[in-house]
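For reference, the structure is listed below as C-alpha cells.
Bear in mind that the values in this text are calculations on the coordinates, not laboratory data. The shown structure was predicted, so the numbers you read here are calculated from the model rather than taken from an experiment. Note that we place each Cβ from the backbone using ideal geometry, even for glycine, and neighbour counts take in every protein chain shown.
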Amino acid sequence: MMPRKRIDRRVRRFAVRLPVQELNGRPEPDAWVVDLSSLGACLETATPLTPRLPLRVSVVLPGQASPTLLSGQVVWQRPLTHRPGRFHLGLRFFRPNWEIDRLARTGKL
C-alpha cells in the first residue's frame, strides 16, 4: 500500500453541514454544503453536476438572516459509494470570500 500523498492547501477548510437553498436559482431541498473555505466548497447533492459548469449556490450562513450567494465553477464530481444516488462536488469560487474565513476563525461557522 502506497502512503497517502500530503495535500498542501492554500487556505483552511472547515467542516460544516449547511442546507442549500438554491442551485442556479432553482430550489434544491436535498443538497448540503459539507466543507467550506474562502476559496471554495464541497457540496453533497442528488444531482450530478459536470465539471466546468458555472454554479450559483444560495446558502444561509450561521448568524446571518439572509442567504449568501456563492458563485463558482464545478471542478470535480464523484459518486458517494456508501450512499447510492448521492454525489460530492467541488466548487471553486470565482472570487475569494474572506467573510467565510473570518466567520470560521471566530467560531461562528
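Okay, here's what the table says:
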quantity: Within the stretch 18-30, tally of residues that are within 12 Å of Leu70 (Cβ to Cβ) and either among the small types (Gly, Ala, Ser) or surrounded by fewer than 19 Cβ atoms within 10 Å (Cβ to Cβ) (or both); calculated: 4
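Here's the yes/no breakdown for (1) out of contact with any Ser or Thr (no Cβ under 9 Å at 6 or more places or on another chain); (2) within 13 Å of Ile100 (Cα to Cα); (3) exposed (fewer than 14 other Cβ atoms within 10 Å of the Cβ); (4) hydroxyl-bearing (Ser, Thr, Tyr):
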{"site": "Ser37", "(1), (2), (3), (4)": "yes, yes, no, yes"}
{"site": "Gly40", "(1), (2), (3), (4)": "yes, yes, no, no"}
{"site": "Leu49", "(1), (2), (3), (4)": "yes, no, no, no"}
{"site": "Gln73", "(1), (2), (3), (4)": "yes, no, no, no"}
